[in-house]
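The values are calculated or read from the model by the stated rules, or taken from the named source; none is laboratory data. Being a predicted model, the structure only gives us computed values, none of them experimental. Positions of Cβ are backbone-derived with ideal geometry, glycine not excepted, and every protein chain shown enters the neighbour counts. These accessible areas exclude ligands, DNA and RNA; they are computed on the full protein's heavy atoms, side chains included. Shrake-Rupley method; radii C 1.70, N 1.55, O 1.52, S 1.80 Å.
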Amino acid sequence: MPGLVPGIHVDVMATKSVDGRDEPGHDGESRMANLPKLPTLAALADDLEAGRSSARKLVEECLAKIADPAGEGQRAFIHVDKAAALDAADAMDGLRKANAAPSRFAGIPVSIKDLFDIRGQVSRAGSRALEDSAPAEADAPVVARLRRAGFIVIGRTNMTEFAFSGIGINPHYGTPKGAWNRSEGHIPGGSSSGAAVSVVDGMAHGALGTDTGGSCRIPAAYNGIVGYKPTQQRIPLDGGVPLSFSLDSFGPMARSVECCATLDAVLADEPIAALRPRPIKGMRLAVPTTIVLDELDPAVAKAFERALENLSHAGALIEHIEVPEFLDVGIMNTKGGFAAAESYAWHRYLLTSKGDIYDPRVSVRILRGEGISAADYIDLLNARRSLIARADARLAPYDALVMPTTANTPPRIADLADDKVFTVANLRSLRNCSLINTIDGCAISLPAHREGEVPVGLMLAASGGLDRRIFELAAGMEASIRV
């Protein structure tokens, strides 16, 4: 059959994994973690309102999964707020009994990435270099907003040190295994590694992460959940250890599009409005042929082409377009780009005193910023301003871009001991997602694989400010792209 993706023709019955072994097809035995189907936020809220569950029960169940020695809790979490979470659960149950719950989601446990300030706790950002820092005096605004809606902070999740990679490996606190083929140990994706694992394993029912070049979307794709990168200016960046203040965004990870839309509204301090899925028929979708389809793993190409076929059969109008603006991103990153320049500005004194305890794979990337001059940085700012304007004009005729979230499937942790292999895998993980951060857009990653297949994400993206549109489009196609 002719492929909908130019240059990609795959056998839909079989593909090879990153380690060369046959991957199971639709009818094959699943190698995803042996987990029960877990509830959405809406289902949990319904149970709480109907008295079928309680906040105390939800928290106790999450704590039990975190403590399970056979699970990933010890690596997915850096700190667990057991006593505080149980106290908050009892408080939410009392408020609900008095018809005074702050929202219908009050009492649902969520996890917080380790780089966010939580009052009375040290924000380590997955590093040992910040262990002796003073505890935070106040919650980050995004954490405070979650609490104000009644969500319960279950603990701080592990991450790539200082959020500087898309892989999720952490030599200081261990690396949680992703949901795929757990017996062999595949990466969870980064940098919000523990966040994704906490959701897919039922240790939390939603997660707060960050996304500078894909750090919400990549772990979501590698673990078969949904991850969202909002338009940056919608959600305050205060109270979070920065990687790149030009590119950083704070976003949610959860089990459905509606779950992420709910959490996103809370984070942005917007009303939680009912999500109305858009009909697939008539959707105007553009598939970029520039960069994003290059050298896809066979399993990624297969899942992506199948998703496009499903959308096309359902009436979506799909056009393949060149996006030459994407070529500018590689040029802008030649010397390390915004991440190197801005992270070096933040880390330069800490590196002088404690650089020896950084993960070398992180410090070497930060130190690239030392060679970026003020003039270079001004050139970056001007180049990005032009890029955003041109990209916005290019995307204007379409409802959204659609592309694979990552070029690769999650490699095995053991295979990334070699620095060269690690670098290649990291670049392939980050490549597509980082394009959207650079053009100041918004984007979501949806699971595109069938049950039993290696996890693959499909990304919908648009220009900044079109967040609601992305959620509506994603909700409309969420179930259809995997059939």
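Apart from one condition, residue 97 fits all of (1) loosely packed, with under 15 Cβ neighbours inside 10 Å; (2) under 19 Å from residue 259 (Cβ atoms); the exception is (2). Applying a threshold of 7 Å to beta carbon distances and a minimum spacing of six or more residues, or different chains, the list of pairs starting in the range 129-146 at a residue that is farther than 9 Å from residue 119 by Cβ and open to solvent by less than 60 Å² (accessible area, probe 1.4 Å) and ending at one that is of a type in the set (D, E, K, R) and modelled with pLDDT of 95 or more reads 129/354; 130/124; 140/117; 140/238; 141/238; 145/269.
The rows are residues; the columns are (1) buried (at least 24 other Cβ atoms within 10 Å of the Cβ); (2) of a type in the set (Asp, Glu); (3) within 8 Å of the chain's Cα centre (by Cα).
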position	(1), (2), (3)
190	yes, no, yes
197	yes, no, no
213	yes, no, no
246	no, no, no
253	yes, no, yes
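Can you work out which of the residues in the range 443-483 that are within 20 Å of residue 276 (Cβ to Cβ) and touching an Asp or Glu at 6+ places or on another chain (Cβ under 8 Å) is surrounded by the most Cβ atoms within 10 Å (Cβ to Cβ)? Among residues in the range 443-483 that are within 20 Å of residue 276 (Cβ to Cβ) and touching an Asp or Glu at 6+ places or on another chain (Cβ under 8 Å), the one surrounded by the most Cβ atoms within 10 Å (Cβ to Cβ) is 446. Among the residues of the range 91-103, are any in contact (Cβ under 8 Å) with a residue 24 or more places away in the chain, in contact with a helix residue (DSSP H, G or I) (Cβ under 6 Å, 6 or more places away or on another chain) and outside any helix (DSSP H, G or I)? Within the range 91-103, one or more residues are in contact (Cβ under 8 Å) with a residue 24 or more places away in the chain, in contact with a helix residue (DSSP H, G or I) (Cβ under 6 Å, 6 or more places away or on another chain) and outside any helix (DSSP H, G or I).
Looking only at the range 219-243, filter to residues that are more than 22 Å from residue 466 (Cβ to Cβ) and in contact with a Ser or Thr (Cβ under 9 Å, 6 or more places away or on another chain); which one of those is surrounded by the most Cβ atoms within 10 Å (Cβ to Cβ)? Walk me through how you get there before you give the answer.
Step one: of the range 219-243, the residues more than 22 Å from residue 466 (Cβ to Cβ) are 219, 222-225, 238-243.
Among the residues that remain, those that are also in contact with a Ser or Thr (Cβ under 9 Å, 6 or more places away or on another chain) are: 219, 222, 225, 239-243.
Working: 219: 39, 222: 36, 225: 28, 239: 20, 240: 23, 241: 24, 242: 20, 243: 27.
My answer is 219.
If you filter the range 166-185 down to residues that are over 11 Å from residue 411 (Cβ atoms) and charged (D, E, K, R), you find that the one that is most open to solvent (accessible area, probe 1.4 Å) is 177. Checking the stated criteria, residue 358 turns out to be surrounded by 13 or more Cβ atoms within 10 Å (Cβ to Cβ) and closer than 25 Å to residue 417 by Cα.
Can you tell me which of 388, 378 is modelled with pLDDT of 95 or more, within 30 Å of residue 318 (Cα to Cα) and open to solvent by 30 Å² or more (accessible area, probe 1.4 Å)?
Numbers: 378 fails: within 30 Å of residue 318 (Cα to Cα).
Checking each option against the conditions leaves just 388.
Looking across the range 413-434, just one residue is surrounded by fewer than 19 Cβ atoms within 10 Å (Cβ to Cβ) and basic (Lys, Arg), and that is 420. Please verify whether the range 270-291 includes one or more residues that are open to solvent by 20 Å² or more (accessible area, probe 1.4 Å), among the aliphatic types (A, V, I, L, M) and within 28 Å of residue 429 (Cβ to Cβ). Within the range 270-291 (the criterion being open to solvent by 20 Å² or more (accessible area, probe 1.4 Å), among the aliphatic types (A, V, I, L, M) and within 28 Å of residue 429 (Cβ to Cβ)), the answer is yes, since at least one residue qualifies. Could you tell me whether the range 228-249 includes any residue that is in a helix (DSSP H, G or I), within 19 Å of residue 109 (Cα to Cα) and in contact with a Gly (Cβ under 7 Å, 6 or more places away or on another chain)? Taking every residue of the range 228-249 in turn, none turns out to be in a helix (DSSP H, G or I), within 19 Å of residue 109 (Cα to Cα) and in contact with a Gly (Cβ under 7 Å, 6 or more places away or on another chain). Please tell me if residue 239 is under 21 Å from residue 120 (Cα atoms), touching an Asp or Glu at 6+ places or on another chain (Cβ under 6 Å) and at pLDDT 95 or above. Yes: the conditions hold for residue 239.
Each row is one residue, and each column tells you yes or no for (1) touching a helix residue (DSSP H, G or I) at 6+ places or on another chain (Cβ under 8 Å); (2) buried (at least 16 other Cβ atoms within 10 Å of the Cβ).
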| residue | (1), (2) |
| --- | --- |
| 304 | no, yes |
| 307 | yes, yes |
| 312 | no, no |
| 317 | no, no |
| 323 | yes, yes |
| 329 | yes, yes |
| 340 | yes, yes |
| 346 | no, yes |
| 349 | no, no |
